[in-house]
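Here the structure comes first, spelled out in structure tokens, and everything after it is commentary.
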Amino acid sequence: MVLKRHKKVTYEKFIEEHSFHVALDGAGGAPRVRAVCVEERAMIMDYTGMSYDQYLRRCSPREQFHSLLKVAEALSALHLKNVIHNDLKENNITITFPEGKPVLHIIDYGLATKSGVTVNHGQHRKGWMAPELYTGGFTSPASDTYSFGKLVYGVARRLPETPTKNCLNEVVAMTIIGVPLRRPLAEVISHMYAFLPQAN
């Protein structure tokens, strides 16, 4: 278990984040909440392992490719629960190894919304967030898919020139585009599964 304190958030935001954890109930590897202290704005949650960036530094290109595929599947599981993460990046992903097999966890739901919520971050642009979130657009699975593409780009640029890197660059081209309707996560997952036997 871990203790997560929310010192700089409003009571309403704390309750909202807790509600997303309850709704997900572990989907996408989201940590389950075991206890809540409203007065202290704190939650005791499942421990979800090492940070994803630590894992990426010590594993092979094939393992990196496989882990990205698992992140995409975890993200899809969130969307099936009508939860849009809105802040997907390396340090909001962790990994555990039950029975020796890696399991990816998407964590930190402080910016999460349901699909279709209007968001406008204005001038405070963050490179991993979809462009529509800075222009009063709607949150959607496509906005998370854009962030996934940025995550893939960060991994791919550190890999040597191999077919695996080429495949990841294709994933980037499918996801980091301006038109949300042209970012289908299901097609990305299918594309990555088709390439998986060749990943090296």
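Some notes on this structure:
- Filtered residues of segment 16-72 (kept if closer than 30 Å to residue 167 by Cα and charged (D, E, K, R)): 53, 57, 58, 62, 63, 70
- Scanning segment 69-102 for residues that are surrounded by fewer than 20 Cβ atoms within 10 Å (Cβ to Cβ), within 14 Å of residue 28 (Cα to Cα) and polar (S, T, N, Q) returns 76, 82, 96.
- Helices (runs of 4 or more DSSP H) fully within segment 138-200 counting 3 or more residues that are surrounded by 12 or more Cβ atoms within 10 Å (Cβ to Cβ), in contact with a Lys or Arg (Cβ under 9 Å, 6 or more places away or on another chain) and at pLDDT 95 or above: 141-156, 163-175
- Of all residues in segment 50-75, those that are in a helix (DSSP H, G or I) have Cβ atoms under 6 Å from Cβ atoms of residues that are surrounded by fewer than 14 Cβ atoms within 10 Å (Cβ to Cβ) and among the polar types (S, T, N, Q), 6 or more apart or on another chain, in 62/200.
- When 66, 6, 105, 21 are checked against the criterion of being touching a strand residue (DSSP E or B) at 6+ places or on another chain (Cβ under 8 Å), within 22 Å of residue 175 (Cβ to Cβ) and surrounded by 13 or more Cβ atoms within 10 Å (Cβ to Cβ), 105 stands alone in meeting it.
- Condition broken by residue 199, with the remaining ones in (1) over 29 Å from residue 25 (Cβ atoms); (2) of a type outside the set (S, T, N, Q); (3) free of Cβ contacts under 8 Å to residues at least 60 places away in the same chain satisfied: (3)
The values are calculated or read from the model by the stated rules, or taken from the named source; none is laboratory data. In this text, all values refer to a predicted model and were calculated from it rather than measured experimentally. As a convention, Cβ positions derive from the backbone with ideal geometry for all residues, glycine included, and neighbour counts pool all protein chains shown.
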